[in-house]
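Quick notes on the structure that follows.
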Amino acid sequence: MGTYLGQNFLMNKFKLRKIADVLELEKGDTVIEIGPGHGELTLLLAKNFQFSIFNFQIIAIEKDEQLAKDLKNRIHDLGLGKNIEIIEGDALKILPALNTKYKIQNTKYKLVGNIPYYITGYLLRILGELELKPNLIILTIQKEVAQRIAAKPPKMNLLAASVQFWAKPKIIGYISRKDFRPAPKVDSAIIKFNIKTSDVSRTSDVQKLKYYKLIKVLFKQPRKTILNNLKSSAKGGSASGGQISNLKNDEFLKKIAKAGVNPFDRPQNLTIEQIKNLSI
């Protein structure tokens, strides 16, 4: 792909194999791949299925017109056209339409991709909002961003709190910038997301909205205490994710204590469960 789309192709075969392995491929799996490029991972996934070659489906979404065309031809020449579909287009627009415009054979699917750095945040937002989420996600993203996503107290942050509401992220390994062509300016990480299917399904839309409003308040000024962040937000007229805009100081303290949170602690020390309790 032209570098104007921000894609760097992973060439290290060992790292490609590691990504394929952590996908935990099974018979009948449907795999959505974002940005297949020349098909390095796509074809490895096809070869990595240890069952009959027709018992899988790969849908690869490629934004670059020429790359998509070349990969389609290659897939056809290898006789894999029945199992691998190449969709030319923007994954950020296609993913929300997977279950409507693009019918997938299996409502349980896995997602994998080497993600251009500039779309990572937007992509994660889309994945978090998908009604039909993958049951497993493996992404190759910028190392520092992966570390922020997987952070735990005392390094909790807005990005981590946003993603960990709906998934459990785990860094599987790191990839040197030298393993890509063209080489980016930073190293990358392979990060795995196990979806919190049952937790999210039990959460109402109102509760989700309160949670996301709250974390924006808490991490807007992470050096301030939890109490001061909530009070500052209330003065500004925000509901702060809960019904707190009209609370007095002692009521603030009671609400925070009820959530099992130290009001004089800082947001970076909060667990996801504590934030959820505070947003109720």
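The values are calculated or read from the model by the stated rules, or taken from the named source; none is laboratory data. No experiment lies behind these values; they were computed from the predicted model shown. Neighbour counts are summed over all protein chains in view; Cβ atoms, including those assigned to glycine, are modelled from backbone coordinates with ideal geometry.
Some observations on this one:
- Cβ pairs under 8 Å, 6+ apart, first in region 133-154 and within 12 Å of Lys168 (Cα to Cα), second in a helix (DSSP H, G or I) and at pLDDT below 95: Asn135/Thr197
- The requirement of being outside any strand (DSSP E or B), touching a Lys or Arg at 6+ places or on another chain (Cβ under 8 Å), among the charged types (D, E, K, R) and not assigned by TED's automatic domain parsing to the domain that holds Leu230 is not satisfied by Lys178.
- Residues considered: Ala189, Ala183. Of these, the only one that is hydrophobic (A, V, I, L, M, F, W, C), touching a helix residue (DSSP H, G or I) at 6+ places or on another chain (Cβ under 7 Å), assigned by TED's automatic domain parsing to the domain that holds Pro153 and over 27 Å from Glu273 (Cα atoms) is Ala183.
- Those helices (runs of 4 or more DSSP H) of region 66-158 in which at least 3 residues are farther than 15 Å from Ile190 by Cα, considering only elements entirely within it, cover 91-94, 120-129.
- Residue count for region 88-129, restricted to those that are in contact with a Leu (Cβ under 8 Å, 6 or more places away or on another chain), aliphatic (A, V, I, L, M) and modelled with pLDDT under 90: 2
- Meets criteria (surrounded by 20 or more Cβ atoms within 10 Å (Cβ to Cβ) and without any contact (Cβ under 8 Å) to a residue 40 or more places away in the chain) for Val217: yes
- Top-ranked residue in region 236-276 [being assigned to a helix (DSSP H, G or I) and touching a Ser or Thr at 6+ places or on another chain (Cβ under 9 Å); ranked as modelled with the lowest pLDDT]: Lys276
- Looking only at residues of region 188-224 that are part of a helix (DSSP H, G or I) and of a type in the set (Val, Ile, Thr), we find that the one that is farthest from Ile137 (Cα to Cα) is Val217.
- Of all the listed residues (Arg202, Arg177, Arg181), the sole one being among the basic types (Lys, Arg) and touching a Pro at 6+ places or on another chain (Cβ under 7 Å) is Arg177.
- Options Asn114, Asn83, Asn99; residue that is in contact with a Ser or Thr (Cβ under 8 Å, 6 or more places away or on another chain), surrounded by fewer than 20 Cβ atoms within 10 Å (Cβ to Cβ) and either polar (S, T, N, Q) or not assigned by TED's automatic domain parsing to the domain that holds Ile34 (or both): Asn99
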